[in-house]
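Heads up, the thing below is written out as structure tokens.
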Amino acid sequence: MKNFSQSSQQGIEIANEITKQPVFAAETGQVVYMGKQLNEAKNFSFQNLIIIKHNQDYLSAYANTSRMLVKEGQRIEKGQAIAEIDVKKHSKNALHFEIRKNGNPVNPINLLPK
């Protein structure tokens, strides 16, 4: 797992070595964005991105999944499978995960259960 850093990495990378590993929603909310690609600054791109709005302050983002299991506008429950991530031979096998508060990245490790 790569650590959080507001200056470069705005989330964490969670390594995966299991085929069809489910990705679970961190909290209840609504899917507000789904897309195949969203380019961020410095030519970094996210593949298969899902953004869930949890309340007025918080949202979570899950990127680089291999299969999305939800639809934009759908209500999501905490712990619900929202995507899958596969093992790939020639690309990174990591889920990119972010939490944002009022649009600013925060360290997900501080908010997730131990």
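Where a number appears in this text, it was derived from the coordinates with a stated rule and is not lab data. Remember, predicted model here, so these are calculated numbers, not experimental data. Every residue, glycine among them, receives a Cβ derived from its backbone with ideal geometry; neighbour counts consider all protein chains shown.
Brief remarks on what is shown
- Take the Cβ atoms of Ile109 and Gln56, set R0 to 25 Å, and the FRET efficiency comes out at 0.65.
- Inter-label distance for Val87 and Phe24, nm, one decimal - labels placed 7 Å from Cα along Cα-to-Cβ: 2.2 nm
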